[in-house]
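Below: the structure, in C-alpha cells.
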Amino acid sequence: MQELQKKIEARLSAIPGDVCFYYEEPETGASLARNADTPVIAASVIKLAVLTEAFRQMENRLARADEPFTIRRADKLPSCGALTYLHDGLCVTLWDLCVLMIILSDNTATNLLIRRLGMERINETLHALGLRQTALRRLLFDSEASARGLQNHITAREMGRLLRLMYEGKAVSPEADQKMLSILCDQRLNGKLPFFLPRGVRAAHKTGEDAGITHDVGIVYAKRPFIVCFCSQNTDVPAMERAMQDSTLLLYEHAQRP
C-alpha cells in the first residue's frame, strides 16, 4: 500500500488547487487518503445525497416511485440532462427523475426532487448517516443564494462513507441500496474515473463539474471492490481528469492482485 500511496501522491501532487482523494476496500478495510476531509464545492456530486433521501422516503412510504411530475417550462434548467430539451407538459415519475438525475446528471430533475423531498430532510438524513461536512444549502442554479455565499459542500471521505454504506446495505436498506447502486452503474458520463478500466468492469459512480471544479466518486467492482473519490476545486480541470483516469487504473490493477 505504501508504494501505491507514493504513486498516487506523485500523480495528484502535480495538479494545482484543492485536490482531494479517498480510497477504501470495504472487504479488507485498507484505505488511502489525501486531503480527504477538506470541504469542496459539491457540484453535481450532491445528487448522491438527493438520491439517498428519495430512496429513504420511498422506503418509508413518504414518496412513491410512480408519483407523477409534469415538466413545465419554468422548471427547466440549462446544461446537463435531457428534460430541458423535451416538450413542455411531459409527464415523468419520481423514479424517472432519480434515474435522470444520476445517469445524465439532469439538473431539472434534481431541483424537482429537492423541492419534493425537502432540503431540511435531505440534510437530516446526511447527518444521521454520519456525514457532518456534507450539506445541501441551495437549489442548483440559484444565483441569489450563491451570491449570498450559500454553497453545497462535500468531502472525499464523506462521499466514501456514503458509498460504503450503500455497498453494505446500510444507507437505506439492502434492497434500496442495491437499486441505487444499479442506477449508479448505468452512469452515461464515463470520461473520468472509469475511462481506462477494462471493458466490462462495472463502476457505480457520480461525476460533478463546474468552473475550476471536477469530481468523480464511486465504487469499482474489481476482484476486491474498492471505493474511490476524487474531488478538486480551483484546479486545472483537464489535468485533474487525466490524473483521475490514470490513478483509477493503478488502483484497479492493485485491487486485481491476490
- Message: Over the Cα atoms, compute the radius of gyration (one decimal) and Dmax (the largest Cα-Cα distance, rounded to a whole number) for region 115-178, in Å.
- Response: 13.3, 40
- Message: Between 0 and 90 degrees, rounded to the nearest ten: what's the tilt of helix 156-168 against the longest Cα principal axis of the chain?
- Response: 80 degrees
- Please determine, in degrees from 0 to 90 and to the nearest 10, the orientation of helix 237-256 with respect to the longest principal axis defined by the Cα atoms of the chain, where the helix direction is its Cα long axis. 60 degrees
- Message: Counting heavy atoms of the protein chains only and a 1.4 Å probe, report the per residue accessible area for region 128-189 as a whole number of Å².
- Response: 47 Å²
- Task: Using only the Cα atoms of region 151-223, build the gyration tensor, take square roots of its eigenvalues as a ≥ b ≥ c, and label the shape rounded, prolate or oblate: rounded if a/c is under 1.5, else prolate if a/b is larger than b/c, else oblate.
- Result: oblate
- Query: Dividing the convex hull volume of the alpha carbon atoms of region 100-217 by its residue count, what do you get in Å³ per residue?
  - Reply: 121 Å³
- Message: Of the candidates G218, G191, G29, which one comes out as most mobile in a Gaussian network treatment of the chain with C-alpha springs shorter than 10 Å?
- Response: G29
- Query: Which distance in nm do the two modelled labels at A128 and E253 give, with both placed 7 Å along the Cα-to-Cβ direction?
  - Reply: 4.4 nm
- Item | Expected-Rg normalisation [2.2 N^0.38 Å, Cα atoms] applied to region 1-128 | 1.33
- Query: Relative contact order for the chain using alpha-carbon pairs under 8 Å, separation at least 6, rounded to a whole percent?
  - Reply: 26 percent
- Message: Lone cysteines in the chain, defined as no other cysteine's Cβ under 4.7 Å from theirs: which are they?
- Response: C80, C91, C98, C185, C229
- Query: Dividing the alpha-carbon radius of gyration of region 1-45 by 2.2 N^0.38 Å (N being the number of residues), what value is obtained?
  - Reply: 1.28
- Note on the structure: The percentage of Cα-Cα pairs in region 184-258 separated by more than 16 Å is 43 percent
- Item | Relative contact order (%) - criterion: Cα under 8 Å, at least six apart; region: region 1-99 | 18 percent
- Note on the structure: Nearest 10, in degrees from 0 to 90: the angle of helix 174-185 to the longest Cα principal axis of the chain is 80 degrees
- Radius, Kirkwood style, for the chain when every pair of distinct Cα atoms is counted (Å): 18.4 Å
- Along region 27-40, Karplus-curve 3J(HN,Hα) (6.51, -1.76, 1.60; θ = phi - 60°) to the nearest Hz, with x for Gly and Pro, reads 7, 10, x, 5, 8, 9, 8, 8, 6, 6, 9, 7, x, 10
- Whole-Hz Karplus couplings 3J(HN,Hα) for region 199-213, θ = phi - 60° and coefficients 6.51, -1.76, 1.60, Gly and Pro as x, run 4, x, 7, 7, 9, 9, 8, 9, 9, x, 7, 6, 4, x, 10
- Message: Within region 1-21, list the residues whose amide N lies under 13 Å from a label point set 7 Å along Cα→Cβ of A30.
- Response: 1-6
- Taking only Cα atoms of region 56-164, radius of gyration then Dmax in Å: 14.6, 40
- Message: Longer than 23 Å from Cα to Cα, which of K179/K223; K6/K206; K7/K192; K47/K223; K47/K170 are they? Say none if no pair is.
- Response: K6/K206; K47/K223
- Ordered by number, the GluC sites (Glu not before Pro) in region 1-32 that occupy a DSSP loop and have at most 14 other Cβ atoms within 10 Å are E27
- Query: Once you list every other residue whose beta carbon is under 9 Å from the beta carbon of K170, what net charge do they have if Lys and Arg are +1 and Asp and Glu are -1?
  - Reply: -1
- Task: Taking the Cβ of G130 as the centre, find all other residues whose Cβ is under 11 Å away and add up their charges (Lys, Arg: +1; Asp, Glu: -1).
- Result: +4
- Message: Give me the net charge for the shell around E158: Cβ to Cβ below 11 angstrom, other residues only, Lys and Arg +1, Asp and Glu -1.
- Response: +3
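The values are calculated or read from the model by the stated rules, or taken from the named source; none is laboratory data. Just so it is clear, the structure is predicted and the values come from calculations on it, not from any experiment. When we count neighbours, we look across all protein chains shown, and the Cβ atoms used for this are built from the backbone with ideal geometry, even at glycine. When the accessible area is computed, the model is the full protein with side chains, heavy atoms only, and any ligands, DNA or RNA have been set aside. Shrake-Rupley method; radii C 1.70, N 1.55, O 1.52, S 1.80 Å.
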